[in-house]
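Any read-out appearing in this document is the output of simple, stated calculations on the displayed coordinates, not a laboratory observation. Note that the structure is a prediction, hence the values are computed from the model and not measured. As a convention, Cβ positions derive from the backbone with ideal geometry for all residues, glycine included, and neighbour counts pool all protein chains shown.
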Amino acid sequence: MIQISALPAFTDNYIWLLQDHSTRRCAVVDPGDAAPVQAWLDAHPGWVLGDILITHHHHDHVGGVQALKKATGATVHGPAGENIPARDTALNDHDTVHVLGWDFEVFAVPGHTLGHIAYYHHGLLFCGDTLFAAGCGRLFEGTPAQMHHSLSRLAALPEDTLVYCTHEYTLSNLKFAAAVEPDNPDIAARLAKVSQQRSDGVTTLPSTLALEKLTNPFLRTTETSVKQKADERSGQRNQTPSEVFAALRAWKDTF
């Protein structure tokens with residue numbers, strides 16, 4: 001059985017650490033900083049870092065890769081369409097990568113960046129900056145249509161899938177969700193819970209796809225209440241779910 005832990009980095013990043021206790025081998029996802037990973041390895045002698053999984057090229061996700069590879073010899077897996085430092089395995093949509101005895105399917109999820117990928121193993125999704133708890137990533141390179149399609153692909157996975165994104169944005173995302181759907185009781189309940197968790201210093205991740213479908217406006221673009229609010233904010237009738245998504249994302253960018 002693989003244990004998954006969060007190694008905090010910078011102000012709000014999480015580096016996900018996967019640990020196989022039977023082999024004392026581990027892997028990390030998106031180590032933007034080598035120091036938290038190296039500190040964990042130093043505190044757990046005998047453990048070997050075998051793999052580094054990268055979702056996209058932004059520095060807060062790849063900044064620690066070269067130092068960790070130099071120190072441990074770990075294999076670096078990352079998107080084929082982006083410039084990933086020290087990458088050994090270039091991954092495309094529908095590829096499979098074998099890590100700690102598990103097969104992860106690769107999903108191309110352009111939007112936040114054009115080459116962004118996610119890793120899926122039954123019940124687990126490492127989605128970088130594409131899908132957040134109650135939100136989604138900004139569109140730095142892709143189009144709203146691309147991001148909406150990417151999110152729709154992820155939302156089609158089993159509802160019990162655990163969502164491991166890489167930022168602690170849940171509270172601010174839920175405040176936006178509450179503005180989009182002020183009468184949604186699931187959002188209100190989650191906002192109250194997450195507010196308490198953050199005041200206690202507790203990580204709000206992972207989420208589940210079931211919870212995201214109830215509380216994440218970017219996965220609720222076909223809901224009448226969400227469309228009406230998007231139309232109201234944008235001053236136009238958004239005809240398709242992709243257009244509703246675009247209106248929501250533009251609103252969130254200035255929220």
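Take the Cα pairs of the chain, get the Kirkwood Rh, then feed it into Stokes-Einstein at 25 °C and 0.890 mPa s and tell me D in µm²/s.
D, rounded to a whole number, is 132 µm²/s.
Once the Cα gyration tensor of the range 109-254 is diagonalised, what are the square roots of 5 times its eigenvalues, in whole Å and ordered largest first, as equivalent ellipsoid semi-axes?
Values: eigenvalues 93, 75, 35 Å².
Calculated on Cα positions only, the semi-axes equal 22, 19, 13 Å.
For the chain, find the longest principal axis of its Cα atoms and tell me its angle to the long axis of helix 241-253, 0 to 90°, nearest 10.
80
For THR55, what residues show an amide H to amide H distance below 5 Å, using hydrogens built from the backbone and excluding near sequence neighbours?
ASP30
For the range 133-216, state which chymotrypsin sites (Phe, Trp or Tyr not before Pro) are in a DSSP loop and have at most 14 other beta carbons lying within 10 Å of their beta carbon.
Details: sites: PHE140, TYR164, TYR169, PHE176; in loops: PHE140, TYR169.
Sites meeting the loop and neighbour criteria: PHE140.
Taking amide H positions as placed 1.01 Å from N in the peptide plane, with prolines and chain starts having none, which residues 5 or more places from PHE132, or on another chain, fall under 5 Å of its amide H?
Those qualifying (amide H under 5 Å, at least 5 residues apart or on another chain) are GLY137.
Can you grab the distance from the C-alpha centre of the range 221-248 to the C-alpha centre of the range 119-173, Å, no decimals?
Comparing the Cα centres of the range 221-248 and the range 119-173, I get a distance of 20 Å.
May I ask you to evaluate 6.51 cos²θ - 1.76 cosθ + 1.60, the Karplus curve with θ = phi - 60°, for each residue of the range 61-73 and list the ³J(HN,Hα) values in order in whole Hz, giving x for glycine and proline?
Listing the rounded values in order: 10, 10, x, x, 4, 5, 5, 5, 5, 5, 7, 10, x Hz.
Run the helix sum for the chain: -39,500 (n - 2.57) per DSSP H stretch of 4+ residues, divided by residue count, reported at 222 nm to the nearest 500 deg cm²/dmol. Could you put the intermediate results ahead of the total?
Values: 9 runs with 91 residues, N = 255.
Calculated from helices alone, the mean residue ellipticity at 222 nm is -10500 deg cm²/dmol.
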